[in-house]
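The values are calculated or read from the model by the stated rules, or taken from the named source; none is laboratory data. Only a predicted model underlies this, so the values are computations on that prediction, with no experimental measurement involved. Cβ placement follows ideal geometry from the backbone for every residue including glycine, while neighbour counts extend to all protein chains displayed.
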Amino acid sequence: MSYNFTLNNMSEFMCSSTLKEDYKINFPDNLGFMSCKKEIVTEDIFLFKTHALANKTLALQAISEVKGLVISIILDGKIHYKDNMNNQVETFKKNNLYIKYINEYDSTTIIDQNSSSKGIGIILRNDFLEKNFLNHFSHINDIKEKNSNKLPSLSIYRKDISKNLHLAKELYNSPFHGGLHNIYLQSKCLEIIYNEFNEILSCPKCNTKEKIKLSNEDIEALYKARDIILLTHEFPDLSTLAKEVAINEFKLKYGFKKLFSTSPGNMILEQKMLHAKQLLETSEYSIAEIANFVGYKYQQSFSNAFIHFFGLRPIDVIKTRNYYY
């Protein structure tokens, strides 16, 4: 028999780059406790230190949107991890390491009666992956492709560890405070990340010179996305655009650079500015109205973007209208 609990409000705790606090629960009737300490290493890298103790078997369900790569190292004890979306159960023991790419998760962590567990988790957000691995880490892209087929979290690498075990223990028991503590966390986390990615990328099975493959369907989707940007005035964000043409954001960005020598974000920005300039020159709309038409909530944000793009103010363009006085 297990005692079931739901952990609420996990999305903000897991994903926020500004929220830094501890998540603690003491379960009723002396059933046990769970604590998770969050450290913001950089705006794209988060560290979590977890400790749980169960006097009875506990099943802890959590739902969250993470959208990133998670490196987890079990330092002590054992946990059972159930992915509720595909009904898959895995058991992780002391000194196990596993890496998953997660879009979102609905999971249950099961801790056996009269047992405890300790571990760390490092979340690498999508921005970090795309900045560092967009052009050559096709293995992550393959995992993302599978996620688009309704498999929200998939392991891409798992093994018993030795190289990173001492680093994980040092992270868990950081002896520093203040600025030194932050530097210490960054150095240890980045070393773990380097070690794991270096091993994955140098794995004979994964170390191919092959770039990300674009299928005919992908290429069709990319041209369709380009047409939406160039031929309409919708100006969608990247997530909406990717869904509209049925391709993931990672491939959308890669494919645009490969086929069109620019990013979808830059192409959208260019079309926004060109359309705005045309309206400023020829229409009777105000700057605030035009800013809203091209997707800006605040006029000042639009003006700053316009000045940065064209080197002149929107009001200067309005003054060229034939009927301006």
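For region 69-126, give me each residue that is aromatic (Phe, Trp, Tyr) and in contact with a helix residue (DSSP H, G or I) (Cβ under 8 Å, 6 or more places away or on another chain).
Of everything in region 69-126, just one residue is aromatic (Phe, Trp, Tyr) and in contact with a helix residue (DSSP H, G or I) (Cβ under 8 Å, 6 or more places away or on another chain), namely 101.
Could you grab the pairs with beta carbons closer than 7 Å, sequence gap of 6+ or different chains, first residue in region 259-278 and free of Cβ contacts under 8 Å to residues at least 24 places away in the same chain, second one part of a helix (DSSP H, G or I)?
Short answer, once both residue conditions are applied: 262/256; 263/253; 263/256; 263/257.
Would it be correct to say that residue 56 is in the same structural domain as residue 130 (by TED's automatic domain parsing), touching a Leu at 6+ places or on another chain (Cβ under 6 Å) and either at pLDDT 95 or above or part of a strand (DSSP E or B) (or both)?
Judged against the criteria, residue 56 is a match.
Give the residues of region 76-102 that are β-branched (Val, Ile, Thr) and more than 21 Å from residue 163 (Cβ to Cβ), sorted by residue number.
If the condition is that a residue be β-branched (Val, Ile, Thr) and more than 21 Å from residue 163 (Cβ to Cβ), then 79, 89, 91, 102 are the ones that fit.
Okay, residues lined up against (1) touching a Ser or Thr at 6+ places or on another chain (Cβ under 7 Å); (2) in contact (Cβ under 8 Å) with a residue 24 or more places away in the chain:
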residue: 25; (1), (2): no, no
residue: 37; (1), (2): no, no
residue: 44; (1), (2): no, yes
residue: 48; (1), (2): no, yes
residue: 60; (1), (2): yes, yes
residue: 64; (1), (2): yes, yes
residue: 81; (1), (2): yes, yes
residue: 102; (1), (2): yes, yes
residue: 109; (1), (2): no, yes
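What residue, of 57, 50, 42, is within 30 Å of residue 131 (Cα to Cα), out of contact with any strand residue (DSSP E or B) (no Cβ under 6 Å at 6 or more places or on another chain) and of a type in the set (Val, Ile, Thr)?
When all the criteria are applied, what remains is 42.
Please tell me if residue 74 is in contact (Cβ under 8 Å) with a residue 40 or more places away in the chain and not assigned by TED's automatic domain parsing to the domain that holds residue 250.
Spelling it out, residue 74 is indeed in contact (Cβ under 8 Å) with a residue 40 or more places away in the chain and not assigned by TED's automatic domain parsing to the domain that holds residue 250.
Kindly evaluate residue 62 against the criterion of being aliphatic (A, V, I, L, M), at pLDDT 85 or above, more than 19 Å from the chain's Cα centre (by Cα) and in the same structural domain as residue 133 (by TED's automatic domain parsing).
Spelling it out, it is not the case that residue 62 is aliphatic (A, V, I, L, M), at pLDDT 85 or above, more than 19 Å from the chain's Cα centre (by Cα) and in the same structural domain as residue 133 (by TED's automatic domain parsing).
Would you point out which residue out of 249, 289 is among the charged types (D, E, K, R) and closer than 28 Å to residue 128 by Cβ?
Just one listed residue meets the conditions, 249.
Is it the case that region 177-189 has a residue that's modelled with pLDDT of 55 or more, assigned to a helix (DSSP H, G or I), closer than 19 Å to residue 100 by Cα and among the hydrophobic types (A, V, I, L, M, F, W, C)?
Looking through region 177-189, at least one residue is modelled with pLDDT of 55 or more, assigned to a helix (DSSP H, G or I), closer than 19 Å to residue 100 by Cα and among the hydrophobic types (A, V, I, L, M, F, W, C).
Of all residues in region 65-88 being β-branched (Val, Ile, Thr) and over 22 Å from residue 113 (Cα atoms), which is nearest to the chain's Cα centre (by Cα)?
66
Going by the structure shown, is residue 22 farther than 29 Å from residue 127 by Cα, surrounded by fewer than 16 Cβ atoms within 10 Å (Cβ to Cβ), over 20 Å from the mean Cα position of the chain (by Cα) and in the same structural domain as residue 182 (by TED's automatic domain parsing)?
no
Going residue by residue through region 307-320, is there one that turns out to be out of contact with any strand residue (DSSP E or B) (no Cβ under 9 Å at 6 or more places or on another chain), in a loop (DSSP other than H, G, I, E, B), aliphatic (A, V, I, L, M) and touching a residue at least 40 places away in the same chain (Cβ under 8 Å)?
No - not one qualifying residue is present in region 307-320.
Checking the conditions here, which among 78, 38, 20 is within 23 Å of residue 187 (Cα to Cα) and at pLDDT 90 or above?
One residue alone meets the criteria, 38.
Give me the pairs, please: first residue somewhere in region 195-210 and under 18 Å from residue 99 (Cα atoms) and assigned to a helix (DSSP H, G or I), second residue anywhere and aromatic (Phe, Trp, Tyr) and modelled with pLDDT of 55 or more, beta-carbon distance under 8 Å, and either six or more positions apart or on two chains.
From residues that are under 18 Å from residue 99 (Cα atoms) and assigned to a helix (DSSP H, G or I), the pairs are 197/133.
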